[in-house]
Amino acid sequence: MNMVGLVGRITKDLELKYTPSGQANVTFTLAVNRSFKNAQGEREADFINCVAWRAQAENLCNFKGKGSEISVTGRIQTRSYENSEGRRIYVTEVVAENIGFIGGAGGNGGGQERNTAPVDNGETIDISDDDLPF
């Protein structure tokens, strides 16, 4: 069974593209926080490559952007292609089958959303997406 579930933040502005046959698609990277701290006591994130197609891609690009928090369920896909230098390039990505919007109605820049994040002592702090490093 090939199933993936992720919750994270979009790392870059989204660019909707179309195939020659007219299929909408968008590739994006999702920053997903790890559930544990490293040896220095800091949380790390994994940066997961994802792709969405058709209406999922159009909705994502129309309503979310860099810094927006989303959930993705889908499957892992591997593929390869030959680049312009004749080298074989291997790609592993999550094909998004369902995308859920989390948080406020951040428009196509995502930078206007405000979220609260839990701190280790149970309190919350107010975080602006403009404060995120991605």
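The values are calculated or read from the model by the stated rules, or taken from the named source; none is laboratory data. Just so it is clear, the structure is predicted and the values come from calculations on it, not from any experiment. Glycine also receives a Cβ, built like all others from the backbone with ideal geometry; neighbour counts cover every protein chain displayed.
Can you pull out the residues in segment 68-97 that are of a type outside the set (S, T, N, Q), without any contact (Cβ under 8 Å) to a residue 24 or more places away in the chain and assigned to a strand (DSSP E or B)?
Filtering segment 68-97 for residues of a type outside the set (S, T, N, Q) gives 69-70, 72, 74-76, 79, 81-82, 85-91, 93-97.
Then keep just the ones that are without any contact (Cβ under 8 Å) to a residue 24 or more places away in the chain; that gives 79, 81-82, 85-90.
Passing the criteria: Arg79, Tyr81, Glu82, Arg88, Ile89, Tyr90.
Please find, among Ile89, Ile76, Ile127, Ile99, the residue that is touching a Leu at 6+ places or on another chain (Cβ under 9 Å) and either among the aliphatic types (A, V, I, L, M) or at pLDDT 95 or above (or both).
Result: Ile99 is the single residue among Ile89, Ile76, Ile127, Ile99 that is touching a Leu at 6+ places or on another chain (Cβ under 9 Å) and either among the aliphatic types (A, V, I, L, M) or at pLDDT 95 or above (or both).
Reported count of residues in segment 1-52, each being exposed (fewer than 13 other Cβ atoms within 10 Å of the Cβ) and of a type in the set (Ser, Thr, Tyr), is 4.
Would it be correct to say that Gly67 is at positive phi, crowded, with 17+ Cβ neighbours inside 10 Å, out of contact with any His (no Cβ under 8 Å at 6 or more places or on another chain) and of a type outside the set (D, E, K, R)?
Values: at positive phi: yes; crowded, with 17+ Cβ neighbours inside 10 Å: yes; out of contact with any His (no Cβ under 8 Å at 6 or more places or on another chain): yes; of a type outside the set (D, E, K, R): yes.
Answer is yes for this residue.
Would you say Asn59 is without any contact (Cβ under 8 Å) to a residue 60 or more places away in the chain and over 10 Å from the mean Cα position of the chain (by Cα)? Answer is yes for this residue.
Out of all the residues in segment 28-51, is one or more in a loop (DSSP other than H, G, I, E, B) and touching a residue at least 40 places away in the same chain (Cβ under 8 Å)? Even if it seems obvious, please write down each step before you answer.
Quick first cut of segment 28-51, residues in a loop (DSSP other than H, G, I, E, B) only: 38-42.
Adding the requirement that they be touching a residue at least 40 places away in the same chain (Cβ under 8 Å) leaves none.
Scanning segment 28-51, I find no residue that is in a loop (DSSP other than H, G, I, E, B) and touching a residue at least 40 places away in the same chain (Cβ under 8 Å), so the answer is no.
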